[in-house]
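Here the structure is laid out as structure tokens; the discussion comes afterwards.
What follows draws every value from the coordinates through simple rules; no lab data is involved. Keep in mind the model is a prediction, meaning the values are calculated, not measured. Cβ atoms come from the backbone with ideal geometry, glycine included; neighbour counts cover every protein chain shown.
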Amino acid sequence: MDKAKEDTINAAIRLISQHSSNPNTIAVIHTLNSQQLAPVVVDPQKVNELLEDTKRIEKETIKQMVATHEISEMLAADYERTAALMYRRLDNGLWQTILDYWRLFMPFSQANRNYRKRKRQFRKVTGEKRRTERERWFTDLQRVSKKPFEEISNYLANVEDVFEHPEVLVVRSFYDQRQRNWNRTRDEQIVQNQLLTRAFQEEYTYVQNRVLDGSWSRQLGNQLFDDIANDQMLYIQRSLEE
């Protein structure tokens, strides 16, 4: 099963590799390679401890950027709100999600009043101007994200015996993926979705051909079809969230 899945994913990678090497192609190949990674056993408590450390580093970095006038307080608040939404995706606990949501959007807080004010102002802007404002806002957040990411990366890189602790790799993977999302434009997302659609179709075709020529059993083929469908569904759900 493992060897068959590896061969199937490599077939899709060969197809995508025929395109010119560019950030979109590289990102898609990275996604396809992630299908081959075996699940790792991690200690949830250690993951949470690392996340608390990196969140603290992020907050301190943003606070320092405001103090040195690199960014405005309003931009810092927008960044922290967006980052909080991404953190909540890591947490499957309903009550924690509710608590985080309440802390972030307490109905009578000054932060929430400012948020509602900006939302009303944004709704007044229409058409091309609205899209331009949205793109400028996202570009600002991309700029803000670079320094916290560098500080977090340095911290994780200096954890003692990093390769003996899969928890570090899990947390690093989250921040790497988050940074790719920060820096991916809408057009790039469309292109990557199209490439991944072709890649998944190639995986289905490859499995079907191996079953038809007798190389693999129908049982193995059905297992692989299920795996591909699950991977595809996970990617679609992640794309919708982004």
Notebook entry, point to check: Once label points are set 7 Å from the Cα along Cα→Cβ at both residue 219 and residue 26, what is their separation, rounded to one decimal in nm?
Noted result: 4.3
Next item on the list: Quick one: net charge around residue 220, please, counting Lys, Arg +1 and Asp, Glu -1 for every other residue with C-beta under 12 Å from its C-beta.
Entry: 0
Next item on the list: Could I have the simple spin-label model distance between residue 212 and residue 3, label points 7 Å from Cα toward Cβ, reported in nm to one decimal?
Entry: 2.4
Check: Working out 0.36 nm times the residue gap between residue 81 and residue 234, then minus their Cα-Cα distance, what length gain in nm do you get to one decimal?
Finding: 52.6 nm
